[in-house]
Amino acid sequence: MGVVLKVAKFGGSSVKDAEAMGRCADLVCSQENLSVVVVSATQNTTNELELIAGTAKEGQLDKALLLVDHLRARHCSICSDIDASPEALKEGELFLEEILKEAKQLAVEISEKRKYSKKDMDALYCLGERMSSFLFSKLLQLKTKKKVILKDARKFIRTDSTFGAGVAQVDQISNSSKKELIPDLARDVIIVTQGFIGSDSDGATTTLGREGSDYSATLIGEAIDASEVQIWTDVEGVATFDPRLIDNTRFIPELSYEEASTLALLGAKVLYPKTLFPAKRKGIPVFVGSSKNPKAEGTRIHGNCVSKKGPRGLSFLKNSEGNLLSLVGDELGSLEGLPFKKVGESSVSVSYLIEDENLDKCLKELHELVLSHF
Ligand code: ASP
Ligand code: MG
């Protein structure tokens, strides 16, 4: 297309309330070519939607409806924090009411059947992203002179019919984006859309899997030939280990697609595991940073990293075999002789299976090794 387009995705904690949304909107406005904004549901909403389904399934319809009301109240209050004018409030309340009608309807059906399918859950899940994207689009429009357009991601994120874990249909996403996104983008607007959700060939709502909004952002980036995808979250980048679990972690300034993908696939929570596949296919750089501290360096993931030998990060996964700790980085062969049982390796990783009682000690030791190469 010859135009520079950037995509930014904001996670649930980044859009948890009007103040947090405001920071994200400022970040969007500060960047000339940022044309597509992908938002997650507000913090905890997706979990609350699961709770609503579970409560309805137990036959506790009143309690489930109360939870829907709680969701409505929380989103209405964000709406009034964004714009308390009578017209804006009325429009917001009507929109939220309509959406939550769907939630109530689904809760009634689930409580009658005493069960719900993955398809039902996807129909419920999508309400979270639809509410947050509506609110974010309103807030953004107050801050920018460009026209803000709210687009339903189900019109262009096509998946197969694996409800709860839809497999992205890349060619179809590319075709529908040509129709649904590219003509608007050529008019210098900002498109706000939902992460996580899509639709199958029958038009039924699907989702990409929990935490899948990162993947939505890179799928869109791929479809519109974006020059960059930004993933804004609550940590300042991809860290040497989950900074919520140990103290002395550092943020890694630069990673290759393989390294970042492998860290995510082997347990690093910061990115949804498939996120980097579309980016790698098109060579689109991905930036990971914190919407609370956007000036921090963040992590750049791209195809031209200055090659750095040795371990760059550590990830942790608990699976049926036990605790898997994996060092990720280039040329890890020189690490022979570590006193851990190696259970797997790839061109950019070595994995060790660690007994519960040794986990803390091994984690510290392997993390020290990563830091020594920093
Ligand atoms: N809202 C969804 C979830 O919580 C998707 C996402 O946030 O990435 O799993
Ligand atoms: Mg996430």
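No value in this document is a laboratory result; all are computed from the given coordinates. Keep in mind that what you see is a predicted model, and the values were worked out from it rather than measured. Positions of Cβ are generated from backbone atoms using ideal geometry, with glycine treated the same way; all protein chains shown enter the neighbour counts.
Below is a table of values for the structure above.
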{"read-out": "Dipole in debye (nearest 20) - the chain, about Cα centre, beta carbon charges: Lys, Arg +1; Asp, Glu -1", "value": "640 debye"}
{"read-out": "Ranked list, fewest to most other Cβ atoms within 10 Å of each Cβ, for 36, 370", "value": "370, 36"}
{"read-out": "Length-normalised contact order of the chain in % [C-alpha pairs under 8 Å, at least 6 apart]", "value": "15 percent"}
{"read-out": "For 246, 173, order by how many other beta-carbon atoms lie within 10 Å, fewest first", "value": "246, 173"}
{"read-out": "Cα Rg, Dmax (largest Cα-Cα span) when computed across segment 81-173, Å", "value": "16.3, 49"}
{"read-out": "Folded to 0 to 90 degrees: helix 213-223 orientation relative to the chain principal axis, Cα", "value": "90 degrees"}
{"read-out": "Cα-based convex hull volume of segment 99-139 per residue, rounded to whole Å³", "value": "46 Å³"}
{"read-out": "CD proxy at 222 nm, helix term only [per DSSP H run n ≥ 4: -39500 (n - 2.57); per residue of the chain; nearest 500]", "value": "-13500 deg cm²/dmol"}
{"read-out": "Rg ratio (alpha-carbon, reference 2.2 N^0.38 Å) - segment 224-267", "value": "1.30"}
{"read-out": "All-pairs Cα distance distribution in segment 1-85, expressed in whole percent, bin size 10 Å", "value": "16, 35, 27, 16, 6, 1"}
{"read-out": "The chain: angle of helix 18-29 to the longest principal axis, Cα-based, in degrees nearest 10", "value": "70 degrees"}
{"read-out": "Segments 134-140, 53-59, 188-194 sorted - mean Cβ within 10 Å per residue, highest first", "value": "134-140, 188-194, 53-59"}
{"read-out": "Segment 28-93 versus segment 341-374: alpha-carbon centroid distance in Å", "value": "40 Å"}
{"read-out": "Share of alpha-carbon pairs per 5 Å distance bin for segment 38-134, given as whole %", "value": "3, 15, 26, 24, 16, 10, 5, 2, 0"}
{"read-out": "The chain pair-distance distribution - Cα-Cα, 10 Å bins, rounded %", "value": "5, 23, 30, 25, 14, 3, 0"}
{"read-out": "Descending Cα extents along the principal axes, segment 124-258, whole Å", "value": "47, 40, 29"}
{"read-out": "Highest-first arrangement of 110-121, 210-221, 253-264, where packing means the average Cβ count within 10 Å", "value": "210-221, 253-264, 110-121"}
